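The values are calculated or read from the model by the stated rules, or taken from the named source; none is laboratory data. Since the model is a prediction, treat every value here as computed from it, not as a measurement. Note that we place each Cβ from the backbone using ideal geometry, even for glycine, and neighbour counts take in every protein chain shown. Ligands, DNA and RNA are excluded from the accessible area calculation, which covers all protein heavy atoms including side chains. Shrake-Rupley method; radii C 1.70, N 1.55, O 1.52, S 1.80 Å.
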Amino acid sequence: MLDTVLLAVGPGDADRSEQLAEAVLEVAQPAGATVILAHVFTSNEYDEVLDRLEFDREVDDVDPNAVAGRHSTIHDIQDILDEHDVDYEIQGAVGEHGPTIVDLAESVEADRVIVGGRRRSPTGKAVFGSTAQEVMLSAPCPVTFVRSEE
């Protein structure tokens with residue numbers, strides 16, 4: 001049974017938001033599952049986004065969920081899910097991408113995780129690592145990888 005699908009969205013996913021939404025719809029819509037739209041920020045990315053969105057950290061109680069909800073990629077995917085009447089929640093988190101996505105999948109008891117990425121050479125994976133690869137190897141449930149069309 002499929003109740004919860006975690007869609008992990010990152011800084012490089014703006015160009016593939018439609019592909020990610022289509023992959024989520026294929027899985028979540030027939031099952032009536034809830035989609036968790038998750039945006040994971042590294043500490044540096046989070047600080048940059050807070051500055052860009054002009055959050056006043058001394059006045060505002062900055063919640064990663066609120067920051068994720070203001071991200072354009074999340075908005076694009078929300079619009080598509082709304083069109084298809086799919087239930088969703090937005091979650092933001094701060095940490096290293098791979099382990100934090102795995103932690104989110106565990107905490108929401110995801111039945112499926114969907115991540116995006118691009119084709120990389122074996123050398124590129126060895127030198128730079130791969131968030132998608134780490135999620136596929138460590139997630140507590142099946143993972144769907146959506147490769148960029150580039």
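Tell me whether segment 83-92 contains one or more residues that are among the β-branched types (Val, Ile, Thr), under 26 Å from Pro140 (Cβ atoms) and modelled with pLDDT of 95 or more. Break it down stepwise before answering.
We begin by selecting, within segment 83-92, every residue among the β-branched types (Val, Ile, Thr); these are 86, 90.
Pick out the ones that are also under 26 Å from Pro140 (Cβ atoms) and you get 86, 90.
With the extra rule that they be modelled with pLDDT of 95 or more, the set shrinks to 86, 90.
The answer is yes; a qualifying residue exists.
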**Prompt:** Can you name the residue in segment 31-57 that is open to solvent by 60 Å² or more (accessible area, probe 1.4 Å) and modelled with pLDDT of 90 or more and, of all such residues, is nearest to Ser17 (Cα to Cα)?
**Reply:** Gly32
**Message:** Anything in segment 58-99 that is of a type in the set (S, T, N, Q) and open to solvent by less than 20 Å² (accessible area, probe 1.4 Å)? List them, or say none.
**Reply:** Thr73
